[in-house]
1. Identify, from the list Val31, Val68, Val52, Val100, the residue that is at pLDDT below 90 and outside the structural domain of Ala285 (by TED's automatic domain parsing).
2. Please go through (1) closer than 22 Å to Met145 by Cα; (2) modelled with pLDDT under 90 for Arg299 and return the number of the only condition it doesn't satisfy.
3. Tell me, which helices (runs of 4 or more DSSP H) wholly within segment 297-381 include 2 or more residues that are at negative phi, surrounded by 19 or more Cβ atoms within 10 Å (Cβ to Cβ) and in contact with a Cys (Cβ under 7 Å, 6 or more places away or on another chain)?
4. Got a sec? Which of Ala248, Ala285 is within 27 Å of Arg162 (Cβ to Cβ) and in the same structural domain as Glu336 (by TED's automatic domain parsing)?
5. With respect to the numbered conditions (1) touching a helix residue (DSSP H, G or I) at 6+ places or on another chain (Cβ under 6 Å); (2) farther than 27 Å from Lys75 by Cβ, which one is the sole condition not fulfilled by Val143?
6. Identify the single condition in (1) modelled with pLDDT of 95 or more; (2) part of a helix (DSSP H, G or I) that Arg87 does not satisfy, given that it satisfies every other one.
7. How many residues are hydroxyl-bearing (Ser, Thr, Tyr) and within 20 Å of the chain's Cα centre (by Cα) when one looks only at segment 338-381?
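The values are calculated or read from the model by the stated rules, or taken from the named source; none is laboratory data. Computed from a predicted structure; not experimentally measured. Every residue, glycine as well, gets a Cβ built from its backbone with ideal geometry; the counts of neighbours run over all protein chains shown.
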Amino acid sequence: MSIAKPKSVDQTIAQFDVSEDRFATHLRAHVNRFFPDLDTSTTTVRLTDHVVRRYSQLLQYEVADASVVFRVIYKIPFSLQDTMTARTTIGERPRLFPIVCPVSNGLREYRALKSLQQHYSSLKDCRFGAISVFDLIESPFVVVMQKCPDPDLKLLLKRSTRFHRIRNKETLNQAFENTGAWLREFHKLPTLEHTEQRHEDRSCFVDSVKRFAEGLSQQTGNRSLFHDISQRLAESAQRILPVKLPCAIIHGDFAPRNILVRADSRVTVFDTQRRWRAPLYEDLAYLLISIKAPGPQVRSQGVLFKRSQLASWESAFLNGYFLNTRIPLATVRLYECLLTLEWWAAINFRHRDGNLRERFGLKLSNRYLSRYMQSLLSDIE
């Protein structure tokens, strides 16, 4: 099956039927294939939730007979209300990699999740789970999968702030270690037919840093700060990174919201297209900045989590990934710097023309991210 390349986003989206009834009808027609043990005489199907995100929509259906209940997700790879906004702003800020027409995302995600289901199920490793993927619908490409009941790591982190520690004594170290081990296994996987190569040379890292630094200089007006950051990162990259970088298929959005954690610390990861073969440090750095510099932590100026707590989670994650080998911490920090610059640029782009409250929040974010960047640079140097 080849990936469709429509003439325009508007023309393509206009022809799609993404009604709730369409997917309910599909589910009723295939429920016996998805769940062979259901009692067909008492099976019911009903819509329980419709979540509209920035770049996708999730329709959740409940499938039940007299004794058991399952939940099924239909993931539409675009959001109608945000497509025009996303399309008009796509090229106005620097990005690590280009955005593509969203209508083909479903096909890539189906291939990726199906391969993960097969691989991680075959390992029979109690540390790893896998999403059950049932089907792929065309026009548009919509992935049909079973909803995993486990909470995501983002929710568990919210319950573990310094304001929750009195009530919540659980530690997440084992979950982070298993997450690192999961990612190590993921990076061994072969390419898929749609996987593309990017940023395989040290020069690509330096060029990306310069693009983000220049964009931030223009957005914030603080040219001296970002010129200094760019120079220091370029010099460190020349000293630390090899000319050819170690690459693997990367997840691309390896954040706590996409990592499900069962009570016994088993992890299940989803929401990947396996679109890129790129420096493997990108995934490592993405998770680390997602726990050390997420929006709430940035806006609160680092109040939510203690440094010792963050250091413990980072250590568990990196030990899980690198196992008994030496951790190349300086290299990891370089990629944390790179992805922090991208995140920094995104925040400024999003709120540069906001109201008074948003501009004040942006000022706080810039202050925190400047301190955070300096701490990363000091680790490198």
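1. Checking each option against the conditions leaves just Val100.
2. (1)
3. So the answer is 356-380.
4. Matching residue, one of Ala248, Ala285: Ala285.
5. (2)
6. Going through the list (1) modelled with pLDDT of 95 or more; (2) part of a helix (DSSP H, G or I), Arg87 breaks only (1).
7. 1
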